[in-house]
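To start, the structure under review is shown below, and the notes come after it.
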Amino acid sequence: MRLLKGESVYEKAIIRDLNRTFTDNEYFQTKDGQDALFNVAKAYSLYDVEVGYYQSVLFIAGPLLLNMPEEEAFCVLVQLMTRYDLRGQFKPQSDLLSQRLYQLTYLIRDHLPHVHRHFESQGIQASMYATTWFISVFAYKFPLEVVFRIYDTFLSDGIEALFRVALALLEKNQSNILVLEYDKLLQFLKHDLLRVYTLYINRMKQLASFMTHTESLYQQNDLTN
């Protein structure tokens, strides 16, 4: 990428964030993985000077880099930030993120009224638990096997897909949400929403492991033939 020839004022910030991004992913804890994240984030900071750099860019780029080369990942990142208007969530003096969280609050009110009333009674606002959902396309805390599926839907349907995922998560966990109070409720919303999908996630991980093993066997077979 030609952009990498330039210097970015964000280089030190990007390097600082690499070790605390996708900490559970083996590839992104290697030099190759971190170099790929660094290159895409640096290139974007030079391409979009108004936005520059946020750690969320690393989380958005990560799932892309696991599926395509750096240059392609950068191009798709640009499309996500512009065509799907993720960049508006990071622009200075922009209230787009606040608008989306406000929209989510009213979607919860309309579709999950019991959850909405419980959130109000406990003083829980969407900004307390859902901000990272929107600024990282759910990649901040969610297993990558799940994030890949969310990306598929997001690329197909746009920002509406993120609202649907958010509502589905809250609806699936409604019985747990309604019995928790402030501290435990906030902890649950931030860290434990996917617990009900544990069986599904484990199956996805097993499938991914099987596919990787199968691909390795094919490669070994090609080398011996």
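The values are calculated or read from the model by the stated rules, or taken from the named source; none is laboratory data. Keep in mind the model is a prediction, meaning the values are calculated, not measured. Cβ: placed from backbone, ideal geometry, glycine included. Neighbour counts: every protein chain shown. Heads up: the accessible areas ignore ligands, DNA and RNA and are worked out on the full protein's heavy atoms, side chains in. Shrake-Rupley method; radii C 1.70, N 1.55, O 1.52, S 1.80 Å.
Only one residue in Ser94, Ser127, Ser156 is over 14 Å from the mean Cα position of the chain (by Cα) and within 28 Å of Val179 (Cα to Cα). Which one? Spell out how you get there, then give the answer.
Details: Ser94 fails: within 28 Å of Val179 (Cα to Cα); Ser156 fails: within 28 Å of Val179 (Cα to Cα).
Selected residue: Ser127, the only one of Ser94, Ser127, Ser156 that is over 14 Å from the mean Cα position of the chain (by Cα) and within 28 Å of Val179 (Cα to Cα).
Does Gln93 qualify as being in a helix (DSSP H, G or I) and either modelled with pLDDT under 95 or not charged (D, E, K, R) (or both)? If you could, list the steps in order and put the result at the bottom.
Working: in a helix (DSSP H, G or I): no; either modelled with pLDDT under 95 or not charged (D, E, K, R) (or both): yes.
Taking the combined requirement at face value, the residue does not satisfy it.
For region 122-203, list the helices (runs of 4 or more DSSP H) that sit wholly inside it and hold at least 1 residues that are of a type in the set (Gly, Ala, Ser); which are they? Let's see the steps before the verdict.
Numbers: elements: 126-129, 131-135, 144-157, 160-172, 174-177, 182-191.
Output list reads 126-129, 144-157, 160-172, 174-177.
So, Tyr44, is that one more than 30 Å from Glu181 (Cβ to Cβ), outside any helix (DSSP H, G or I) and either open to solvent by 90 Å² or more (accessible area, probe 1.4 Å) or of a type in the set (Ser, Thr, Tyr) (or both) or not?
Working: more than 30 Å from Glu181 (Cβ to Cβ): yes; outside any helix (DSSP H, G or I): no; either open to solvent by 90 Å² or more (accessible area, probe 1.4 Å) or of a type in the set (Ser, Thr, Tyr) (or both): yes.
Answer is no for this residue.
Looking at Leu101, Leu46, Leu77, Leu65 in this structure, which one is in contact with a Gly (Cβ under 9 Å, 6 or more places away or on another chain), free of Cβ contacts under 8 Å to residues at least 40 places away in the same chain and either under 20 Å from Val137 (Cβ atoms) or not aromatic (Phe, Trp, Tyr) (or both)? It would help to see each step written out before you state the result.
On the way: Leu101 fails: in contact with a Gly (Cβ under 9 Å, 6 or more places away or on another chain); Leu46 fails: free of Cβ contacts under 8 Å to residues at least 40 places away in the same chain; Leu77 fails: in contact with a Gly (Cβ under 9 Å, 6 or more places away or on another chain).
Of Leu101, Leu46, Leu77, Leu65, the one residue that is in contact with a Gly (Cβ under 9 Å, 6 or more places away or on another chain), free of Cβ contacts under 8 Å to residues at least 40 places away in the same chain and either under 20 Å from Val137 (Cβ atoms) or not aromatic (Phe, Trp, Tyr) (or both) is Leu65.
Cβ-Cβ distance below 7 Å, separation of 6 or more or different chains: which pairs start in region 1-19 with a residue that is within 18 Å of Val78 (Cβ to Cβ) and end on one that is surrounded by 15 or more Cβ atoms within 10 Å (Cβ to Cβ) and aliphatic (A, V, I, L, M)?
Met1/Ala43; Leu3/Ala43; Leu3/Leu46; Leu4/Ala43; Gly6/Leu46; Ser8/Leu46; Ile14/Ala41
Quick one: Arg100 ticks every box in (1) among the basic types (Lys, Arg); (2) open to solvent by 20 Å² or more (accessible area, probe 1.4 Å); (3) assigned to a helix (DSSP H, G or I) bar one, so which box is it?
Here Arg100 clears every test but (2).
Quick check: anything in region 138-158 modelled with pLDDT of 95 or more and open to solvent by 50 Å² or more (accessible area, probe 1.4 Å)?
Looking for residues that are modelled with pLDDT of 95 or more and open to solvent by 50 Å² or more (accessible area, probe 1.4 Å), one finds none in region 138-158, hence no.
Which members of region 159-175 meet the condition of being over 15 Å from the mean Cα position of the chain (by Cα) and either in contact (Cβ under 8 Å) with a residue 60 or more places away in the chain or open to solvent by less than 60 Å² (accessible area, probe 1.4 Å) (or both)?
Leu167, Ala168, Leu170, Glu171, Asn173, Gln174
Quick check, is Arg117 of a type outside the set (Phe, Trp, Tyr), open to solvent by less than 30 Å² (accessible area, probe 1.4 Å), assigned to a helix (DSSP H, G or I) and at pLDDT 95 or above?
no
Hey, could you check region 125-134 for residues that are among the aliphatic types (A, V, I, L, M) and surrounded by 21 or more Cβ atoms within 10 Å (Cβ to Cβ) and say which is farthest from Arg109 (Cα to Cα)? Steps first, answer last, please.
Filtering region 125-134 for residues among the aliphatic types (A, V, I, L, M) gives 126, 128, 130.
Next cut, surrounded by 21 or more Cβ atoms within 10 Å (Cβ to Cβ) only: 126, 130.
Working: Ala126: 12, Ala130: 15 Å.
Taking the candidates together, the pick is Ala130.
Tally the residues that are within 14 Å of Val137 (Cα to Cα) and charged (D, E, K, R), restricting the search to region 80-96.
Qualifying residue count, region 80-96: 2.
Among the numbered conditions (1) touching a residue at least 24 places away in the same chain (Cβ under 8 Å); (2) of a type outside the set (D, E, K, R); (3) open to solvent by 20 Å² or more (accessible area, probe 1.4 Å); (4) assigned to a helix (DSSP H, G or I), tell me where Asn25 comes up short.
Asn25 satisfies every listed condition except (4).
Out of (1) part of a helix (DSSP H, G or I); (2) surrounded by fewer than 21 Cβ atoms within 10 Å (Cβ to Cβ), the odd one out for Ser56 is which?
Every listed condition holds for Ser56 apart from (2).
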